[in-house]
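Comments concern the structure below.
The values are calculated or read from the model by the stated rules, or taken from the named source; none is laboratory data. None of the values given here were measured: they were computed from a predicted structure. Cβ sites come from the backbone with ideal geometry, for glycine too, and all protein chains shown count toward neighbours. Each accessible area value is taken on the protein alone, full model and side chains, heavy atoms only, with ligands, DNA and RNA left out. Shrake-Rupley method; radii C 1.70, N 1.55, O 1.52, S 1.80 Å.
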Amino acid sequence: MISVTNETSTDHCSIDHLVESGFGPDRHRLTVYRLRLAPPDPNLGFVARDGEEIVGTLRFWPVTVGPSTQALLLGPLAVAPECQGNGIGKQLVRHGLEQVTTAGWRLCLVVGGPNYYAPFGFEPAAPWGLALPGPVDMARFQVRSLGEAALNEELPSGNRMVQPWSWVRGGGLTRARRSRRLAA
């Protein structure tokens, strides 16, 4: 039986192995990795376990939309190859979205398959004017409101560039400086 729990510090090696097997060693070159500057937050990371073995992982990363709107970036989502097709990824996404909504987050973004994420309420981000700091297949860039508010209530007016948050010593998460240039 599969159980979904928050990740722990002892899970990081297993998580890294799953993510690398799913996305390859060059995954850090993807645009979404430009937004994952903070260390993983165990309150925003989930694992699927089959007994003691980790067979799936999902993390969320805090980002900023426009000048100050807080949001989460869903991913990476990875499932062990031998367990794919059994609903583990969907179980992780449902659980994760429930947890972050309960925690008070109000906006979530993802770069992933539209057919996979549409049943969870995601819709194309392009019509909402959202932009990422690098190349991305816009058909895969999606957004959804968490909770009951409509997207137009959650999104800032004007600038809708998605920016990373950064980790500052002793202070937790804070918005990265707008003047910071991200490497191409």
- prompt: So what's the angle, to the nearest 10 degrees on a 0 to 90 scale, between helix 88-102 and the longest Cα principal axis of the chain?
  reply: 50
task: Quantify how much of the Cα-Cα distance distribution of segment 72-145 extends past 20 Å, in percent.
output: 32
- request: Pull up the DSSP beta bridges for the chain and report the antiparallel fraction as a percent, rounded to 5.
  value: 85
query: Once fully extended, how much extra length lies between GLU123 and ASP50, figured as 0.36 nm per residue of separation less the alpha-carbon to alpha-carbon distance?
result: 23.1 nm
task: Quote the convex hull volume per residue of the chain, based on C-alpha atoms, as a whole number of Å³.
output: 124
task: Taking H placed 1.01 Å from N in the peptide plane, check which residues at least 5 places from GLY75 or on another chain put their amide H under 5 Å from its amide H.
output: ARG59, PHE60, TRP61
- request: Would you mind working out the accessible area per residue for segment 87-146, using a 1.4 Å probe, and quoting it in Å²?
  value: 45
- prompt: Non-local amide H neighbours of ARG106 (under 5 Å, H modeled in plane, Pro and chain starts lacking H): which ones?
  reply: none
- request: Quick one: angle between helix 12-23 and the longest Cα principal axis of the chain, in degrees between 0 and 90, rounded to 10, please.
  value: 80
query: Which ³J(HN,Hα) values in Hz, rounded to whole numbers, follow from the phi angles of segment 49-63 under the Karplus curve 6.51 cos²θ - 1.76 cosθ + 1.60, where θ = phi - 60° and Gly and Pro get x?
result: 10, 10, x, 9, 8, 7, 10, x, 8, 9, 10, 10, 10, x, 9
- prompt: At 222 nm, what helix-only mean residue ellipticity would the chain give, in deg cm²/dmol to the nearest 500, using -39500 (n - 2.57) for each DSSP H run of four or more?
  reply: -5500 deg cm²/dmol
task: For an R0 of 22 angstrom, estimate the FRET efficiency from the Cβ-Cβ distance between LEU151 and SER68 and round to the nearest 0.05.
output: 0.85
query: Which of the peptides 61-68, 72-79 is most tightly packed, and how do the rest follow, judged by the mean count of other Cβ atoms within 10 Å per residue?
result: 72-79, 61-68
message: Let me understand segment 12-84 better: what is its radius of gyration from the alpha carbons, and its Dmax, in angstrom?
response: 13.2, 44
Per-residue HN-Hα couplings for segment 110-120 [Karplus 6.51, -1.76, 1.60; θ = phi - 60°; Hz; x = Gly/Pro]: 8, 10, x, x, x, 5, 6, 8, 4, x, 8
